[in-house]
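These notes are about the structure you will find just below.
Throughout, read-outs are computed from the coordinates displayed, never taken from laboratory work. Since the model is a prediction, treat every value here as computed from it, not as a measurement. FYI the Cβ positions are ideal-geometry reconstructions off the backbone, even for glycines, and counts take in every protein chain you see.
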Amino acid sequence: ASNSNSLVVSLRSCCEKSNQVRIFPRLSLSSLALYVVVFDSEKMKRFDPACLSYVKGWVDYLRFYLPDAKVVLVGTFLEDGTMENDVSVVNTVIHEKILGYQDLKTVRKSGDLWFHPLQYGTPKTIVNFHESILTDLEQMDDVQCNISIRWLHCFDELQSAQKVGIRFLPFDNVMECAALFGINSSKEVKSMLGFFNDTGLLCYSSLSETTKKIVIMDAECFTEAYALLTSCRQATSGMRELVNSAGLSKDFDHLCVNGIVSQDLLDYMWRDLPVRYLMEMLTSEMLLHSWIIGVEKQFIVSGLLRTDPLPLGISSELRASSTFEFQHEFMPSGLFERLASMCASQCATTKAEKNPVCCESWTLQQYGSKTFLLRKHDRAFSLHVATDNEIPFFIRILTSILRKINAESYSGKLEWRVLREAKAGGEICPEETKKKNSVKMIDLNHFSAALG
């Protein structure tokens, strides 16, 4: 609906680019959108682990990164003859196994989950399924917003730049474009860019002074920039020749072997992109982590670290242990790497004798003369030191670092407790509890059936 000055926009969305959503949650999720999570009801009523993991994954993921997200859970593939009983069974499974501890705004039909009987088979059935859901969504009016038509005209003009291959624009250029349509206030321009960012049409962040100065017209440049790093081990001979000619062959080999990239190599690989902007955005997405050894500035690349086993004999040397267990049994992606990074920065001030080592599932570091090991697990990480007397000291350090990460990167949503192995009987007992709102994150590798 519209009048001469404004337009009412109704937003319906879903996470169809699951890989991009998994890697860039802050860039991909929108509080203005409604998310549709589709699952196989036949599998759900059989407590299928993959199906449970899939639905719980989306619920947990949205709960952590977007607590106010509006979510529709849709069950499919139910037999007409047993529909009523099956719906009851699936409802019970969903509520007990997935929604029991969630404070999530799941949109329900008649106070219940939404179910669409869908037979395996024809494309026509899928089309009807889409139409049926969209018809139901039209009954909702809580994902509508009123925007100025001038904003749409300005966005059309900005898109013309993207069509000729311009992937990012300085904020000043956007101001000039906006002025053509009577938008002269920088505050209104930022509001306009914030709206189009939330709808996924462009990327604009007020994260820092650097990000405020650039508008990304093509969000794929984030994916491509990150892929340039993570695909280094499959680099072509041509790529290697270019790196060699730039005098960065050692830096490139270091990235391929250790998953750690130098500033010089970043500047070269991202030379056609806004490097500082990308560094800040990927750091905020927990994909890059500062790793300063000596005077050289380097970065850990999440997902690219070595998979080496633990050094021989280290388990017998570091016998005392404690575990940091995250609430609802999941540790956010990138947290372990950020923890290792910040530990290394703190250890660097203590004149440690050995440089820290960081691999995919463990990091071995020295704090002064004291060696400690952190091991990553599915839903927790463990601390290993030489003696029981050292445990409280390192717990205080790690808790302080986690609190800082929680405040800076997760808006205080992390929640964890520390478990320490008692000296007698090997019993695990609570050592310290850190509570905030909630912690939920998920590996979306299993996700394959979000509604497109």
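A few comments on the model shown:
- Separation of the Leu310 and Phe47 label points, Cα + 7 Å toward Cβ, nm: 3.3
- Under 5 Å between amide hydrogens, built in the peptide plane, is the criterion, and for Gly200 it picks out nothing among residues at least 5 positions away or on other chains.
- Put simply, the amide H of Gln298, placed in the peptide plane, has neighbours under 5 Å in Trp291, Ile292, Ile293, leaving out anything fewer than 5 places away on its chain.
- Long pairs among Lys45/Lys70; Lys250/Lys413; Lys163/Lys413, criterion Cα-Cα beyond 30 Å: Lys250/Lys413; Lys163/Lys413
- If the segment from Asn184 to Val357 were pulled out straight at 0.36 nm per residue, it would be longer than the present Cα-Cα gap by 57.1 nm.
- FRET efficiency for Phe393 and Leu273, using Cβ-Cβ distance with R0 set to 60 Å, rounded to 0.05: 0.90
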